[in-house]
Amino acid sequence: IFNRAAKKEWGVDLETLPSDNEDKRKALFDAEKVKLRLTESESVTHRLAYSGKKLPVTLSRVDFERESRDLLQRMEDLLSKSLREAKEALTRKDIDSVLMVGGATRIPAVRRLLEGLFKNKPSYGEVNPSDTVALGAAILAHGHAPPRNIVAKTLGLRSINPMTGQMFNDILCRKNET
């Protein structure tokens, strides 16, 4: 939706800009913020920026869900396929509750989809969906890689702050630590 607005107003296709383009990076970051705000609000107005110009763009939750329809259909297809494959051992009636994890679980359309598929209310408030993904990844990694010296040098991650474009370093594992 942001891209269509930029094309119409400025003749610019944000998707074709290089990935390190500041305007593209800001638009992607802003789109994520708008998506999060739409989990709480029915409509959000955001000022899309390009080369110092600003354009107010209003996005409704209905618009967002229409744009996300293909992704939601793919999610439903994968869930249905998983249930069909587990049919001999498990049916929908056997599932007492659904624990939702990951950022997409905050999207109302995803919640409605799961409620419709499982005929019971998925768990929303007991755990933080994003923290659960990180915790699960850590548990899985620990099971596959017992503690040992990873590298003789400090292992770090170099990242870019999407708000400022500045690079920063995070140390993941100090030299000779496990």
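The values are calculated or read from the model by the stated rules, or taken from the named source; none is laboratory data. Worth saying up front: this structure is predicted, and the values here are computed from it rather than measured. Ideal geometry is used to build each Cβ from the backbone, glycine not excepted, and the neighbour counts take in all protein chains shown. Quick note on the areas: whole protein, heavy atoms, side chains included, nothing else; ligands and nucleic acids left out. Shrake-Rupley method; radii C 1.70, N 1.55, O 1.52, S 1.80 Å.
So that you can scan it fast, the table gives a plain yes or no per residue for (1) open to solvent by less than 60 Å² (accessible area, probe 1.4 Å); (2) under 22 Å from the mean Cα position of the chain (by Cα); (3) of a type in the set (D, E, K, R); (4) on the phi > 0 side of the Ramachandran plot:
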position	(1), (2), (3), (4)
L55	yes, no, no, no
D63	yes, yes, yes, no
R66	no, yes, yes, no
L71	no, yes, no, no
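Would you confirm, using the coordinates I've provided, whether R92 is out of contact with any strand residue (DSSP E or B) (no Cβ under 6 Å at 6 or more places or on another chain), open to solvent by 30 Å² or more (accessible area, probe 1.4 Å) and without any contact (Cβ under 8 Å) to a residue 24 or more places away in the chain?
no
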Answer yes or no as to whether K35 is assigned to a helix (DSSP H, G or I), open to solvent by 60 Å² or more (accessible area, probe 1.4 Å) and either out of contact with any Gly (no Cβ under 7 Å at 6 or more places or on another chain) or more than 22 Å from N128 (Cα to Cα) (or both).
-> no
Unique residue being touching a residue at least 24 places away in the same chain (Cβ under 8 Å), more than 30 Å from T16 (Cα to Cα), open to solvent by less than 60 Å² (accessible area, probe 1.4 Å) and within 16 Å of the chain's Cα centre (by Cα) when the list is T105, T132 | T132
What is the number of the single condition among (1) in contact with a Pro (Cβ under 8 Å, 6 or more places away or on another chain); (2) in contact (Cβ under 8 Å) with a residue 40 or more places away in the chain that L55 does not meet?
-> (1)
Filter result for the condition that a residue is surrounded by 11 or more Cβ atoms within 10 Å (Cβ to Cβ) and at pLDDT 65 or above, over A86, A137 = A86
